[in-house]
Each structure stands twice: as C-alpha cells, then as structure tokens.
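Worksheet: the structure to be examined is printed underneath.
The values are calculated or read from the model by the stated rules, or taken from the named source; none is laboratory data. For clarity, every value in this text was computed on a predicted model and none was experimentally measured. So basically every Cβ, Gly included, is an ideal-geometry build from the backbone, and we count neighbours across all protein chains shown. Note: areas computed on protein heavy atoms with side chains; ligands, DNA, RNA excluded. Shrake-Rupley method; radii C 1.70, N 1.55, O 1.52, S 1.80 Å.
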Amino acid sequence: MADNTKSNSKSKAWDVGRLPGLTGRTAVVTGANSGIGLTASAALAGAGAHVVFAVRDLERGRKAAATVSGSTEVRRLDLADLSSVQEFADGWEGRPLDLLINNAGVMMLPQQRTADGFEMQFGTNHLGHFALTNLLLPYVTDRVVTLSSGAHRWFGARIRFEDLDFTTGYDPNRAYAQSKLANLLFTLELQRRLAEAGSPVRAFAAHPGYAATNLQSHAGSPVMRAFMRIGNRLFAQDDHAGALPTLYAATQDLPGASYVGPDGLGELRGAPTLVGRSAAASDAGVARRLWTASEELTGVSWPLGAAEGAAGRRVTAER
C-alpha cells in the first residue's frame, strides 16, 4: 500500500508527459541550439508544434535541430545586435506566432559590450528580448515566456538607472542580477500593457532552478567556473528537468504575469509550480520606468494600438 501511495504522489508531479497536443501551433525559441532551449524545443516539437530555432550560429542551430523529431526551422538571431533582431522580425512576414520563448542568455561574463554599446548581459538578456518581443508582438496569438533566474533576488540586485551599462564599477554578478530582475519587470509591465490593450496574449516568466547547462561555463572568474562545476555535479538537475518550468509556462492555463519555477527547497530543483518574486521584481513603478528606458535605448516602442501597427517600426538606437 505504501509503495502505491508513493507512486501516486510522484505521478501527480507535472512533467513533459503532460504536455498537451500542439499540432498546428508555431513557437519561436531563442537560444534553442543547446541546454534548456534545445530541450524545450524538442519537447514542443515532439508535441506537434512547429519550432523556430532562433540562434546566433546557424551551423550549430542546424545541427541541434537535426537531433529533434518534429517540425523545425532555423533562423539567425543575435540578441546582442539590434540590427539582427530587426532583420529577424522583418523576415517573419506576418505569420501567426502562437508562442515566443525568450530563453537565450549570457551569465556573469567579463565586461563586454554588445554591437550597440550596451553592457552585454543587460543588452542580451533584457534589451535584445525587449526589442524582439515588441517587434513580433503584432503576430503573437497566445503568450510570451521570458526566462529569469533566482539571481533576481541576489543581495543588491536593482535596476541601475543611473548607469544601466555599468560604465563604472562593473561587477559580473550584479550585472547578471540586474538583467534577470529586468526580465521579471519586463514581464510585469508587458502583461499590464497587454491587459490594458484588451489583448488575449499573456506574458509569463519562468526560471529553471539550478540546472546544469553550458551557461555557467562562460563565467569570467576561473574560481566561479570551478565552483559551478562542483555545484553542477552535486546539486543541479539536468536540462530536461530545468526545462519543465518553461514548458509549464508555455502550455498551462495561468494568470498573466505568473512566474514558474521548481517546487523544491530554495526553488533549486523539482516539479514546476507558481513561485514568488522579490519586492523589487514586483514594483510596478520601476517596471514602467524600465520599459520607458528600454524603448529609448532600443528605439522600439509598444506596437499594439498604434495606427501604423508593425509596419515601419525599425530599430533606431545609436550609441
């Protein structure tokens, strides 16, 4: 009897086997060539969706897509270059897009700049996805899922409006935390705007917990990379488990602006569930201010309700 009870309890945890049928639906997944992005893409394609691999390296993207069973397509997208984001959006050609998953990201890098001069983590993780989402939003029919992280809670995490690009006092950890906090604030304000516009599209955020992927291998500090290798072996869940919050947010009926993460201790691992966020990530005023700053930096503005629609919207950022 005890064994049956334990088995029934485990069977209640949501997993990839509970994905609904997605035949006829189209999803764009940024950073789909490896890690959680590839795992999520494979699951979506396996459920019947047509999955567009939005990747910086076309060759790597094609190799990754070749490992997936189902309908796939590979398109170039470099989130660290706003002209590439614009080119990707221009190439969409008005097709309906059911699901946009803003998955790609960089983590705790040595100080670097994007093609447009932004701090690399803020520019890639937030501004690139901000521009992409607004440029594609006229075609999105269901939802936008943006990947954040428990790093948004790190001590001192805030949006440095006085110096978003860390031109002074650069710290890779704080820059990463800022970018992940920005992802949550972006989701909050995106959902507010969608609701105000009367759109049926919903915005969600998700985080994978502590998942062993190649993201950690790019940390600038050798000590941090070594620490993460040890942590990956001892504590992390694999990318299949790490992708579950993304897939849950992508397919389940949830309230707008929901945040999904693992249900285990410290949200490090476990089955996907709705999780909380820091007070800083819940500040509607800061979310609006960040949105305005992001429009100014990228030259991409809110597309819904504007008379000209998506036509003629172009990235105009100059640094």
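Please tell me if Leu254 is open to solvent by 30 Å² or more (accessible area, probe 1.4 Å) and at pLDDT 85 or above.
Taking the combined requirement at face value, the residue does not satisfy it.
When you go through (1) within 27 Å of Pro200 (Cβ to Cβ); (2) surrounded by fewer than 24 Cβ atoms within 10 Å (Cβ to Cβ); (3) not acidic (Asp, Glu) one by one for Gly31, which number turns out not to apply?
For Gly31, the exception is condition (2).
Among the residues of the stretch 165-192, write down those that are without any contact (Cβ under 8 Å) to a residue 24 or more places away in the chain and not β-branched (Val, Ile, Thr).
Once the filter is applied, which keeps residues that are without any contact (Cβ under 8 Å) to a residue 24 or more places away in the chain and not β-branched (Val, Ile, Thr), the stretch 165-192 yields Gly169, Asp171, Arg174.
Run Thr141 past the list (1) of a type in the set (Val, Ile, Thr); (2) in contact with a Gly (Cβ under 9 Å, 6 or more places away or on another chain); (3) more than 9 Å from Ala80 (Cβ to Cβ) and report the number of the one that doesn't hold.
Condition (2) is where Thr141 drops out.
Under 8 Å by Cβ, and 6 or more places apart or on different chains, what pairs join a residue from the stretch 239-252 that is closer than 14 Å to His207 by Cβ with one that is part of a helix (DSSP H, G or I) and hydroxyl-bearing (Ser, Thr, Tyr)?
Qualifying pairs under 8 Å: Asp239/Thr39; Gly242/Thr39; Ala243/Thr39.
Just to be sure I understand, how many residues within the stretch 125-146 are part of a helix (DSSP H, G or I) and open to solvent by 10 Å² or more (accessible area, probe 1.4 Å)?
Within the stretch 125-146, residues that are part of a helix (DSSP H, G or I) and open to solvent by 10 Å² or more (accessible area, probe 1.4 Å) number 3.
Looking only at residues in the stretch 264-294 that are free of Cβ contacts under 8 Å to residues at least 40 places away in the same chain and part of a loop (DSSP other than H, G, I, E, B), which one is farthest from Ala43 (Cα to Cα)?
Per the stated criteria, the residue is Ala279.
Does at least one position in the stretch 66-73 carry a residue that is open to solvent by less than 60 Å² (accessible area, probe 1.4 Å), polar (S, T, N, Q) and under 18 Å from the mean Cα position of the chain (by Cα)?
no
What number of residues within the stretch 38-64 satisfy the criterion of being surrounded by 24 or more Cβ atoms within 10 Å (Cβ to Cβ) and either outside any loop (DSSP other than H, G, I, E, B) or modelled with pLDDT under 95 (or both)?
Number satisfying all stated conditions: 12.
The rows are residues; the columns are (1) open to solvent by 10 Å² or more (accessible area, probe 1.4 Å); (2) modelled with pLDDT under 95; (3) farther than 20 Å from Leu38 by Cα.
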residue	(1), (2), (3)
Ala175	no, no, yes
Glu196	yes, no, yes
Ser199	yes, no, yes
Thr213	yes, yes, no
Pro222	yes, yes, yes
Arg225	yes, yes, yes
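Identify the residue in the stretch 227-249 that is part of a loop (DSSP other than H, G, I, E, B) and open to solvent by 50 Å² or more (accessible area, probe 1.4 Å) and, among all such residues, is modelled with the lowest pLDDT. Talk me through it step by step, then tell me what you get.
Narrowing the stretch 227-249 to residues part of a loop (DSSP other than H, G, I, E, B): 235-236, 238, 243.
In the following step, the residues that additionally are open to solvent by 50 Å² or more (accessible area, probe 1.4 Å) were identified as 235, 238.
On the way: Phe235: 56, Asp238: 84.
The qualifying residue modelled with the lowest pLDDT is Phe235.
Among the numbered criteria (1) in contact (Cβ under 8 Å) with a residue 40 or more places away in the chain; (2) closer than 18 Å to Gly35 by Cβ, which single criterion is violated by Val52?
So the condition that Val52 fails would be (1).
Please identify the pairs in which a residue from the stretch 147-164 that is at pLDDT 95 or above has its Cβ atom under 8 Å from the Cβ atom of a residue that is exposed (fewer than 12 other Cβ atoms within 10 Å of the Cβ) and not in a helix (DSSP H, G or I), counting only partners at least 6 apart or on another chain.
Close Cβ pairs satisfying both conditions: Asp163/Gly169.
Would you check if Ala293 is closer than 22 Å to Ala131 by Cβ, modelled with pLDDT of 95 or more and within 18 Å of the chain's Cα centre (by Cα)?
no
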